[in-house]
Amino acid sequence: MNNTWIVVPVILNNSDLSSFVNKLSGQYVAPETYEKKIFNQETNELEIKNVPHPYAGQTGPNFSGRVIFVNKIAGYTEHDGVVHLEDFNDINIYRYWNTGFDYAVANGADAVILTNGVFEFDPFVIKEAYDEFFKGESEVINISDGAMLLVSASSNLRADEQFQIWFGDNDFYRRAEPVLGHCRSEYLLGDYLINSSSIEFFDSIVASDEVKYNVKWN
């Protein structure tokens, strides 16, 4: 995984991202147990149970020097081990993806993790995605719909920048279908550190993206 980079859009400056950066810099040690979310079909409710972590005691992958923050607003905090790129124009998650992807590939990446933003996740999911799928036939791994995907540097796929913050990932997955794999880790996601619903005009952006998506695919 030494040539795998990770791209993270940072839209707001209202959170301390030190812990997030440390987790991606080889400072995460898998706990003995983790909270597994289980959907109970009888009650139609999500249940949480503590179960053994499959990598208990192991140190997570180290992406130091290969983490790219694409910053939307000036005045951001710089972090060691992070490449800070800037895009102070209108919000466009998918342009940020392309910007980060192209930078990573130009600097030797053979695979790039694209995320929709800053959120809590277990870094061992990236190891699982890489080990299980990337060495096979898949050029793109859907790690979590709308949150994270792994893309081979050799693929010709790029995000469609007509979308801004929603539906662009759906569009990407549909276009990647012939080379798309899936990683269904049960300990992937947590809470977003930056609540995207606080973005000004969020609802109008989503509505605009939905119209564009329907026009493109219907």
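Rule-based calculations on the coordinates, nothing more; no lab input. Predicted model only: the values in this text are computed from it and were never measured. FYI the Cβ positions are ideal-geometry reconstructions off the backbone, even for glycines, and counts take in every protein chain you see.
A few points about this structure:
- Residues of the stretch 1-31 with amide N under 18 Å of a point placed 7 Å along Cα→Cβ from residue 210: none
- Computed from phi, the 3J(HN,Hα) profile of the stretch 102-119 under the Karplus parametrisation 6.51, -1.76, 1.60 (θ = phi - 60°) reads 5, 5, 4, 5, 5, 10, x, 5, 9, 8, 9, 8, 10, 10, 8, x, 8, 8 Hz, with x in place of Gly and Pro.
- Against the empirical curve 2.2 N^0.38 Å, the C-alpha radius of gyration of the chain lands at a ratio of 1.01.
- For the set 23/72; 49/72; 49/127; 72/127, the pairs lying more than 32 angstrom apart at their alpha carbons are 49/72.
- Dipole axis of the stretch 4-217 (+1 Lys, Arg; -1 Asp, Glu on Cβ), positive-most option in 93, 183, 140: 140
- Fully extended contour minus Cα-Cα distance, from residue 22 to residue 51, at 0.36 nm per residue: 8.0 nm
- Sparse-neighbour loop sites [chymotrypsin sites (Phe, Trp or Tyr not before Pro); the stretch 63-139; at most 16 other C-beta within 10 Å; DSSP]: 76, 88
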